[in-house]
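The values are calculated or read from the model by the stated rules, or taken from the named source; none is laboratory data. On a predicted model such as this, the values are computed, not experimentally measured, just so you know. Glycine also receives a Cβ, built like all others from the backbone with ideal geometry; neighbour counts cover every protein chain displayed.
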Amino acid sequence: MKTTELKDWPKIRKIVRWALEEDIGPGDITSQYTVTEGLRAEAVVLAKQSAVVAGLDVARLVFKTVDKDIQFSPNLTDGNKVNPADVLAVVSGPVRGILTAERTALNFLGRMSGIATLTSKFVEAIGGTRAKVTDTRKTTPGNRILDKYAVRIGGGVNHRFGLYDMVLIKENHLKATGSITEAVRRAREALPRFRRQGIKIEVETKTLNEVKETSSLPVDRIMLDNMGLEQIAEAVKTIRDQNLEVEIEVSGNITLENIRQIAQTGVDFISIGRLTHSAPASDISLLVEKIE
């Protein structure tokens, strides 16, 4: 998926409502007890470090969900790069509402920007090669739609969204099935029977013998899992000698230091779990500047 559009807003609204319910509970007692009702203010959302911004529309939704009278005016769009002290957006309206929504909005904005920022670093590292940086299903439970959107904003592409949109035969499936050949045969027979047209089949391989077996089968993508650089290069040659059309993915132990060498072996995709399970959140804050 290459589009950077954020879709499925009904689901996103549910995510936002749940996050607000978790934080607010029966009420923001600090704001209720200390801030005069009806008091209005203008605040700025500030970057405290360099980042690729993602999640501005989600932050706006958080503020609007708390109080429809709050205005959220971004100074830029998702995908823009910012430096420390840059103003991402101006927020104006009732002070109570702004303060109640603040942490949840910044949590979304910080996490999504962190994912986009880390993804962009990996993407930049392989510039000029055929390889694409892709994510995994190692996402925050319930937040996958936002995590994967942030990867796209950072210049990456999405792997399968869930268990339903690609057949990915992994080590434990092979233990249950008996062999790669048998697992692929069953999947190929099942797809038309269940009217699943256009679904790709990918096989995870860990050894060169598994690569050789898989290369002769009707699969769409072969994953090289946790292989060293020399083994990856040999596997790519083995696959290309038999099938120029099949996609090749590398996964496991990918770092900013080794990703370019891996990309230069001629693989198509490099999947990185840490994009979504370990990206540090970007440091973003909100500061009230004017009380009206």
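Scanning the range 32-60 for residues that are assigned to a strand (DSSP E or B), more than 24 Å from Tyr149 (Cα to Cα) and out of contact with any Leu (no Cβ under 8 Å at 6 or more places or on another chain) yields a total of 3.
If the condition is being of a type in the set (S, T, N, Q) and over 17 Å from Lys170 (Cβ atoms), then the range 188-213 contributes only Gln197.
Taken over the range 236-292, the criterion of being in a helix (DSSP H, G or I), over 18 Å from Asn209 (Cα atoms) and among the basic types (Lys, Arg) is satisfied by Arg260, Arg274.
Number of residues in the range 256-283 that are more than 19 Å from the chain's Cα centre (by Cα) and either within 24 Å of Ala47 (Cα to Cα) or touching a residue at least 24 places away in the same chain (Cβ under 8 Å) (or both) equals 9. Flag: Ile199 matches the condition of being in contact (Cβ under 8 Å) with a residue 12 or more places away in the chain, surrounded by 13 or more Cβ atoms within 10 Å (Cβ to Cβ), assigned to a loop (DSSP other than H, G, I, E, B) and not basic (Lys, Arg).
Within the range 86-104, is there a residue that is surrounded by fewer than 16 Cβ atoms within 10 Å (Cβ to Cβ) and under 30 Å from Thr255 (Cα atoms)? No: the range 86-104 contains no residue that is surrounded by fewer than 16 Cβ atoms within 10 Å (Cβ to Cβ) and under 30 Å from Thr255 (Cα atoms). If I filter the range 18-31 for residues that are touching a Leu at 6+ places or on another chain (Cβ under 8 Å), of a type in the set (A, V, I, L, M), within 26 Å of Asn158 (Cβ to Cβ) and part of a helix (DSSP H, G or I), do I get at least one hit? No; the residues of the range 18-31 include none that is touching a Leu at 6+ places or on another chain (Cβ under 8 Å), of a type in the set (A, V, I, L, M), within 26 Å of Asn158 (Cβ to Cβ) and part of a helix (DSSP H, G or I). Of all the listed residues (Lys68, Lys14), the sole one being part of a helix (DSSP H, G or I), free of Cβ contacts under 8 Å to residues at least 12 places away in the same chain, farther than 17 Å from Ile153 by Cβ and of a type in the set (D, E, K, R) is Lys14.
Scoring Asp147 on the criteria (1) assigned by TED's automatic domain parsing to the domain that holds Gln197; (2) acidic (Asp, Glu); (3) outside any helix (DSSP H, G or I) leaves a single failure, condition (3).
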